[in-house]
Amino acid sequence: MTIHCRVGCGACCIAPSIRQALPGMPAGKPAGIACVNLDDAFSCPLFGRPERPDLCAQFKPELSVCGDSREHAMQLIELLEIATEA
Ligand code: SF4
Ligand code: SF4
C-alpha cells in the first residue's frame, strides 16, 4: 500500500545498506549509517534534483516499509536488511 512520506522521518536514508554510489558516498553506505546528504530535518536536499540517485527517486513510501512511525520504519527496514542478507 502506497502512502505519503512522513515529514521528519528519514529512516530509509539511515537504516538500509545502499550498495550503489551516492553523492558524497561513492561506495554507497552501510546499514544504520545516515546518508551524508540527509539534512538536520531528516529530509533529502537533493529531492527533485538531477544529482539525486535514481535508486532514491524510484523508492516510493510503502506501508510495509515505512510503518506507522519513524521507529517502526527503522525496525521494519532492519528486518528487511537481515532477510536480504541471508
Ligand atoms: S521510511 Fe518512508 S516515511 Fe520514512 S522517510 Fe522513508 S519513505 Fe518517508
Ligand atoms: S541521496 Fe537523499 S534520498 Fe538518497 S539516501 Fe541520501 S538523503 Fe536519502
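Mind listing which GluC sites (Glu not before Pro) in the chain are in a DSSP loop and have 13 or fewer other Cβ atoms within 10 Å?
Answer in residue order: 51.
Specify which residue in the list 67, 11, 25 is farthest towards the positive end of the charge dipole of the range 11-83, using unit charges on the beta carbon of Lys, Arg (+1) and Asp, Glu (-1), about the Cα centre.
25
Among the chymotrypsin sites (Phe, Trp or Tyr not before Pro) in the range 1-61, which ones are in a DSSP loop with at most 15 other Cβ atoms within 10 Å of the Cβ? Mind listing them?
When the chymotrypsin sites (Phe, Trp or Tyr not before Pro) of the range 1-61 are filtered for loop state and at most 15 Cβ neighbours within 10 Å, 47, 59 remain.
Only the coordinates and a few stated rules stand behind these numbers; no lab work does. This one's a predicted model, so the numbers in the text were calculated from it and none came from an experiment. For neighbour counting, all protein chains shown are included, and Cβ atoms are generated from backbone atoms with ideal geometry for every residue, glycine included.
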